[in-house]
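A quick write-up on the structure given underneath.
The values are calculated or read from the model by the stated rules, or taken from the named source; none is laboratory data. Just so we're clear, the structure is a prediction, and the values are computed from it rather than from any experiment. Positions of Cβ are generated from backbone atoms using ideal geometry, with glycine treated the same way; all protein chains shown enter the neighbour counts.
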Amino acid sequence: MLKKFSKKLFGVGLVSVMSLSFATGAFADTKSNEVDVTIKSGEFSLATSDIESFGEIELKSTPQTYKTSFNDKFTVKDLRGTQAGWRVDVSASQFTDGTNTLPKGTLSLEPVSSIKRVGTGQGALPVKTMDSNKVIDDGTVAVVKADAGGGMGVFDFEFPKNALSIVVDPTTAKVLNGSKATYQSTLKWDLVQAP
C-alpha cells in the first residue's frame, strides 16, 4: 500500500510541477516603451553653373548663330519632406549694352541632357520639360520638374555642350563707337515649390 501511495504522490507532484511551469508562462510580465523622433524640414535649394563667354563676335553680312556652354552641373536639393513636387524655370533679360538692346528671341537654350540622383533614395526622378531648343529672353521656360510624390532628395542635372545659343543680326546689333560694344543678358533661375 505504501508503494501505491508513493506512486500516486509522485504522480500528483509531477502534475503539480508541470502545471506550475505552464502557469508561470501564462503570467509573464510584459513591458512596453514608446519612442519618438521629431523630423524637421530641410534644405530646398538650387545651385547653378557659371557660363562661358560668347567671346568677341564680328558682325557678318547675314545673321549668325553662336554657341556657348555651362561650366558645371546644376543641383536641386529638396529635403523639405513635403513631397509636394517642384519645378526649375529659367528666363533671361534681353541683351543690352546699356544704350542699345538686341531683339527678343536672340537667346535660346537646349534641353537638359541628363538627370541623376545624388546618393541613395526612392521615388520618381525629376524629368526634363523641354524637348527642343527654346527662346529664353522672351518669357519664362520650365526646364526640369518633379511631380508630387517625387523629387525628394538631391539631384544633379546637366545641359549638353553648347546649350546656349545667340543669334547676332547685323541689322539689329549696334556698335556705338564704331569699334565694339559689350552686350549682356542675365539668366534668372527659379526653383518653384510646385510641379
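Being touching a Ser or Thr at 6+ places or on another chain (Cβ under 7 Å) and either surrounded by fewer than 20 Cβ atoms within 10 Å (Cβ to Cβ) or small (G, A, S) (or both) narrows it down to one of D156, D138, D131, so name that one.
D156
From T129, T182, which residue is under 20 Å from the mean Cα position of the chain (by Cα) and of a type in the set (S, T, Y)?
T129
Among (1) assigned to a loop (DSSP other than H, G, I, E, B); (2) surrounded by fewer than 16 Cβ atoms within 10 Å (Cβ to Cβ), which single condition is W189 missing?
Going through (1) assigned to a loop (DSSP other than H, G, I, E, B); (2) surrounded by fewer than 16 Cβ atoms within 10 Å (Cβ to Cβ) one by one, W189 breaks only (1).
Can we say E110 is surrounded by 12 or more Cβ atoms within 10 Å (Cβ to Cβ), in contact with a Phe, Trp or Tyr (Cβ under 8 Å, 6 or more places away or on another chain), free of Cβ contacts under 8 Å to residues at least 40 places away in the same chain and charged (D, E, K, R)?
Spelling it out, it is not the case that E110 is surrounded by 12 or more Cβ atoms within 10 Å (Cβ to Cβ), in contact with a Phe, Trp or Tyr (Cβ under 8 Å, 6 or more places away or on another chain), free of Cβ contacts under 8 Å to residues at least 40 places away in the same chain and charged (D, E, K, R).
Taking region 98-140 on its own, how many of its residues are at pLDDT 95 or above, within 30 Å of T171 (Cα to Cα), in a loop (DSSP other than H, G, I, E, B) and of a type outside the set (A, V, I, L, M)?
12
Name the residue that is farthest from K73 (Cα to Cα), counting only residues in region 28-54 that are of a type in the set (S, T, Y) and assigned to a loop (DSSP other than H, G, I, E, B).
T30
Taking T65, is it within 17 Å of Y183 (Cα to Cα), touching a strand residue (DSSP E or B) at 6+ places or on another chain (Cβ under 7 Å) and in a strand (DSSP E or B)?
For T65, the condition - within 17 Å of Y183 (Cα to Cα), touching a strand residue (DSSP E or B) at 6+ places or on another chain (Cβ under 7 Å) and in a strand (DSSP E or B) - is met.
Scan region 150-167 and tell me whether some residue there is at pLDDT 95 or above, farther than 30 Å from D97 by Cβ and acidic (D, E).
Yes, region 150-167 contains at least one residue that is at pLDDT 95 or above, farther than 30 Å from D97 by Cβ and acidic (D, E).
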